[in-house]
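S.K.: One structure, pasted below without further comment.
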Amino acid sequence: MPKPPKAKASEPKKPSGKMNWRNYAALAVMLVLVVLVVGHMALIQLVQGDDWLSRARSQQMSDSVVAAKRGTIYDANMEPLAISADVWRLIMSPKDISEVKPARMPGGVTTTEELRAFIADGLAELLGVDREKLFKQTGKTNSQYEVVKSKVEYDQKEAFSKWVTENKLTGIFSVIPDYKRYYPQGTLLSHVLGFTGTDNNGLEGLEASYDEVLSGVPGRIVTAQNGWGDEMPSQMEYSKVVDAQDGNNLVLTINQTVQMYAEKYLAEAVKETNSTNRGCILIQNVKTGGILAMATKGDYDPNNPFVLADGQKVKEIEALPEEERAAAKTTALQQQWKNKAVSETYEPGSVFKVFTAAAGLEEGVATAATSFNCPGYYKVGGWTIRCHKHGGHGTLDMAGAVSNSCNPYFMQLGMKMGAHVFFKYFTAFGFTEKTGIDMSGETSNAGLYHSEKTLSETASSLATAAFGQTNKITPIQMITGISAIANGGKLMTPYVVQQILDSDGNVVKNTEPTVRRQVISAETAAQVSGMMEAAVNGGGCKSAYVAGYRVAGKTGTSEKRDMKGNEVVASFAGFAPADDPQIAILVLLDQPQCAVRYGGTISAPVAQKVLSEALPYLGVEPKYTNAELAKLSTTAPAVTGKSTTSAQAAITNAGLSARVMGSGATVIKQVPEAGQSMPRGGMVVLYTDDSVADKTVTVPNFSGMSVTAANAAAANVGINLRLSGVGLDSGQAIANKQSIAAGTKVPLGTTVTVSFLYKDSADGG
């Protein structure tokens, strides 16, 4: 069979021109793509590398903040005034909501939208949060951290956790520990403590000025996640914990009990006198400069600082057009938070006369025996400036001028010493500079007092400044000046923080007393102290008298000359005991609207009440005169069940008198009851017959009565009268308050306390 012919090898064909173009085009496209890819990679790595690295890490890391516990603020006796209580933040992951499968949804819910609505409805009702806002949050599918509610208390946190568990939503929600600032004493010390914001940062008072000390450093928990935001399996687990550093604690010089005394009596006085621009009290340790009490009334609750405490102010704001209310409320809140003791200025009035006296004595311009005549006025610089006593005081020495608060005397003394000497001591006592107290908000009185140049050029300015008008100072400046007179002439830096402690109780810092300068000699200070004590014992300051204690002081009633109308500031400043000064006190009532507005009438009695309780509490022992001892209270002896004869004998032995009611032989009831306080020489009523055991009498109205008349009225109806207040032996005291209201029916023998004030407590001012 013949072989088939051998096939010839085919020759390659020449490519057409069309094919060459296509190949080149494809190659060009590939080259462009390579360049773009390489360029993009270079851009990512070289230019945007950090950003993309951060994004990658964020997808792989869960970072949670651990709150630091804010430090506690304690009083001088380690009683807590501001604490951080445990609360919780409730957190939601909308991303996880969007990924929940229908099989895992609560009963009756089948879609993501229904689940979102279910969550919003349930938590709005359970937690009291805004339903619509929460519903929007559930739709943020790119977020794993949305705050449902902050500062949640324990009971609500537990209810939330139960709801989450019952509805099988544990993978969506979490609970994070947090802290809430809490002020256990409510309004007490509010202007000193201040308050914190929602993020626990200090906004006012010590919370603001010591914010860095108190706040601590937050911690962090960083946990590895996979690309879907789930934590890594255990073999790849990564977690880093940075512990929070709790804040340091503050220990104050302020004594909570003394503060309570100050606030109690200041609140009463502000209300009774209707002091429309509030009032304040300062109490200072004269030896160290430490503040024992600092009170402003009206006040507010730092637990709810954005609520206006003044009901009248709320009504005024509500009456405004709607567009004006927000601004008005903001202004009212700022005023509410202002600490009057350090943040406001006033003209000190006659209290300042003690500094003029000190300057004259220290410079040798005058002695205690230096006398000037007071005809009822003084003419200077074309002005006739009158004394509060229109007929004049006649010729007075310096002690008499202080006791009688004579304006013409001090005007003449000021003119004699001249502007240079006056301003030298005005500056030395600290009235031209801030005190440096460790609190935010201390105001400067720069521009609110006359310069030496003005005083030298304007005689009337020097004359009025010498008795406490024209120049303005702050209450904290005044108390430090008074303390300088009390402590032998040393001007101290006031402070309220005694110690800073770490979270373990270790001392971080102690505040040491600081003497700014020696203002006057100890001899001059002693002379002025003696004049101030005489003013309390028999002068215009006698309403500050406290039985058992030697009190030194000076009152003032200054005109607010920068205001329209006849507005005044009534004040008292002093210290006790005068023979060994421990504490200084300033009481200030701003714009009282009562009938009699003298400092001696309305401010000195407040000081008397505070000192009468604060001094014994602080361990200052009273030293009673014989006359004072005779007026002290005693207690009724126990005589119920005894024979009438033996009961009467026991009562007589106790220095009391007995009144027998009924014809029985045995005492079945006594008034006052055994152990009850009553005045010495008072009457104990002994009931011996059931028929008279319920006998009552009507309490008289003692208001305006003299001591003699009040005693007679009490005896007439058969009740005991306990006397309090001042001027009880002077014949010039009148009753102004009583412990049981007039017209009240009380058992025979009941004790009623009646407070007395001097008829004339005018201090000039």
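The values are calculated or read from the model by the stated rules, or taken from the named source; none is laboratory data. Everything numeric in this text was worked out from a predicted model, so none of it was measured. Glycine gets a Cβ as well: all are built from the backbone with ideal geometry, and neighbour counts include every protein chain shown.
S.K.: Among the residues of region 434-441, is any touching a residue at least 40 places away in the same chain (Cβ under 8 Å), out of contact with any Gly (no Cβ under 6 Å at 6 or more places or on another chain), in a helix (DSSP H, G or I) and over 19 Å from Thr356 (Cβ atoms)?
M.R.: no
S.K.: Restricting to region 86-143, count the residues that are in a helix (DSSP H, G or I) and either under 38 Å from the mean Cα position of the chain (by Cα) or not assigned by TED's automatic domain parsing to the domain that holds Ala159 (or both).
M.R.: Matching residues across region 86-143 total 8.
S.K.: Related question: Return yes or no: is Gly391 assigned by TED's automatic domain parsing to the domain that holds Ala368, free of Cβ contacts under 8 Å to residues at least 60 places away in the same chain, out of contact with any Leu (no Cβ under 6 Å at 6 or more places or on another chain) and in a loop (DSSP other than H, G, I, E, B)?
M.R.: So Gly391 fits the description; yes.
S.K.: Val365 - would you say it is touching a helix residue (DSSP H, G or I) at 6+ places or on another chain (Cβ under 6 Å), on the phi < 0 side of the Ramachandran plot and buried (at least 24 other Cβ atoms within 10 Å of the Cβ)?
M.R.: no
The rows are residues; the columns are (1) surrounded by fewer than 17 Cβ atoms within 10 Å (Cβ to Cβ); (2) at pLDDT 90 or above; (3) under 28 Å from Leu757 (Cα atoms).
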site: Val606; (1), (2), (3): no, yes, yes
site: Pro616; (1), (2), (3): yes, yes, yes
site: Val620; (1), (2), (3): no, yes, yes
site: Ser643; (1), (2), (3): yes, yes, no
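S.K.: Separate question: I'm checking my understanding of the structure. Among residues of region 678-694 that are more than 16 Å from Thr753 (Cα to Cα), under 53 Å from the mean Cα position of the chain (by Cα) and not hydrophobic (A, V, I, L, M, F, W, C), which one is modelled with the highest pLDDT?
M.R.: By that ranking, first place goes to Tyr687.
S.K.: From the residues in region 480-529 that are among the acidic types (Asp, Glu) and under 30 Å from Thr72 (Cβ atoms), which one is modelled with the lowest pLDDT?
M.R.: In this case the residue turns out to be Asp504.
S.K.: Across region 729-749, what is the total count of residues that are β-branched (Val, Ile, Thr), under 35 Å from the mean Cα position of the chain (by Cα) and modelled with pLDDT of 85 or more?
M.R.: Total satisfying the criteria: 1.
S.K.: Test of understanding: among Ile500, Ile476, Ile520, which residue is surrounded by 18 or more Cβ atoms within 10 Å (Cβ to Cβ) and in a helix (DSSP H, G or I)?
M.R.: Unique residue meeting the criteria: Ile476.
Each row is one residue, and each column tells you yes or no for (1) free of Cβ contacts under 8 Å to residues at least 12 places away in the same chain; (2) crowded, with 23+ Cβ neighbours inside 10 Å; (3) part of a helix (DSSP H, G or I); (4) of a type in the set (Val, Ile, Thr).
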| site | (1), (2), (3), (4) |
| --- | --- |
| Phe422 | no, yes, yes, no |
| Tyr425 | no, no, yes, no |
| Thr432 | no, no, no, yes |
| Leu455 | no, yes, yes, no |
| Ala465 | no, yes, yes, no |
| Gly468 | no, yes, no, no |
| Gly481 | no, yes, yes, no |
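S.K.: Looking only at region 695-728, count every residue that is under 20 Å from Arg680 (Cβ atoms), in a strand (DSSP E or B) and of a type in the set (Ser, Thr, Tyr) and tell me the total.
M.R.: Qualifying residue count, region 695-728: 1.
S.K.: Being more than 22 Å from Phe410 (Cα to Cα) and among the small types (Gly, Ala, Ser) is the filter; apply it to region 434-453 and report the residue that is surrounded by the fewest Cβ atoms within 10 Å (Cβ to Cβ).
M.R.: Of everything passing the filter in region 434-453, Gly447 is surrounded by the fewest Cβ atoms within 10 Å (Cβ to Cβ).
S.K.: Tell me, yes or no, whether region 183-199 has at least one residue that is assigned to a helix (DSSP H, G or I), surrounded by fewer than 16 Cβ atoms within 10 Å (Cβ to Cβ) and either among the small types (Gly, Ala, Ser) or modelled with pLDDT under 95 (or both).
M.R.: The answer is no; no qualifying residue exists.
S.K.: List the number of the failed condition for Thr356; all other conditions in (1) assigned by TED's automatic domain parsing to the domain that holds Pro581; (2) surrounded by fewer than 24 Cβ atoms within 10 Å (Cβ to Cβ); (3) within 18 Å of Ile473 (Cβ to Cβ) hold.
M.R.: Result: Thr356 fails condition (2) only.
S.K.: Out of the helices (runs of 4 or more DSSP H) lying entirely within region 247-361, which hold 3 or more residues that are in contact with a Phe, Trp or Tyr (Cβ under 9 Å, 6 or more places away or on another chain)?
M.R.: The qualifying helices (runs of 4 or more DSSP H) are 256-273, 322-337.
S.K.: May I pose another question? Report yes if some residue within region 542-552 is outside the structural domain of Gln732 (by TED's automatic domain parsing), out of contact with any helix residue (DSSP H, G or I) (no Cβ under 9 Å at 6 or more places or on another chain) and within 20 Å of Leu757 (Cβ to Cβ); otherwise report no.
M.R.: no
S.K.: Taking the condition surrounded by 13 or more Cβ atoms within 10 Å (Cβ to Cβ) and over 44 Å from the mean Cα position of the chain (by Cα), does Lys631 pass?
M.R.: No: the conditions fail for Lys631.
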